[in-house]
Amino acid sequence: MNLARTTKFFVVCVAVVGFCLPQPLLAAGQADRSPTVADVTLQKGPQGNVLVGRVLDQQGALQAGLPVALYGSGQKLAEAKTDGNGFFAFSNLRGGVYQVAAGESVTAFRAWTPGTAPPAAQPGALVVTGQDLVRGQRYPLRHGLGRLQFWLSHPVVIAGIIATAVAVPVAINNYDKDKGPGSPS
């Protein structure tokens with residue numbers, strides 16, 4: 001009977017601690033956010049295969065006159081500027097992986113020669129400037145909730161909470177045993 005009561009108390013303590021912890025601590029980790037590589041078909045042109053693309057901003061506005069650079073194998077291969085409609089082109093290319101830099105954005109593309117591209121390959125590269133830029137600061141010692149999140153993000157603090165959740169029911173159980181049966185003194 002006493003073991004059942006102690007077990008219930010322990011389960012309730014663990015549940016209370018679980019409800020008190022911030023949800024991000026209990027959530028699964030973020031998935032790998034490695035950059036994706038888009039498949040693009042190179043177009044046939046008078047000077048060999050051509051990578052054609054367009055540069056837009058996050059709202060979809062065309063980016064005219066913006067410098068665009070093509071990188072391959074870690075080296076800058078070519079430079080161009082977008083025309084009045086936001087288009088750019090790099091000629092005399094082989095199939096392979098390239099990075100296109102426009103503004104603050106760098107986008108990776110897997111270029112396929114004509115006739116070898118997979119069905120999902122796009123006919124041109126689309127570069128969105130300002131993409132994936134996230135800025136933020138965390139002030140753990142200035143705000144109450146931030147301070148709590150700061151301390152609960154440390155493994156030592158979490159271990160202490162779990163140890164307390166285990167030790168308190170054991171101490172209560174031992175205290176009841178030492179007291180003995182309830183008899184008048």
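Rank these for me by crowding, ARG94, ARG110, ARG54, going from fewest to most other beta carbons within 10 Å. Write out the running numbers ahead of the final one.
Working: ARG94 11, ARG110 15, ARG54 18.
Lowest count first: ARG94, ARG110, ARG54.
Taking other C-beta atoms within 10 angstrom as a stand-in for reagent exposure, SER73, SER153 fall in the order SER73, SER153, fewest first. Rounded to whole Å, the principal axis extents of the Cα atoms in segment 37-128 read 32, 27, 25, largest first. Between amide H atoms placed 1.01 Å from N, distances below 5 Å from THR41 occur with TRP112, GLN122, GLY124, all of them 5 or more places distant or on a separate chain.
Any read-out appearing in this document is the output of simple, stated calculations on the displayed coordinates, not a laboratory observation. Fair warning: this is a prediction, and the values are worked out from it, not measured in the lab. Here the Cβ is made from the backbone with ideal geometry for all residues, glycine too, and neighbour counts use every protein chain on show.
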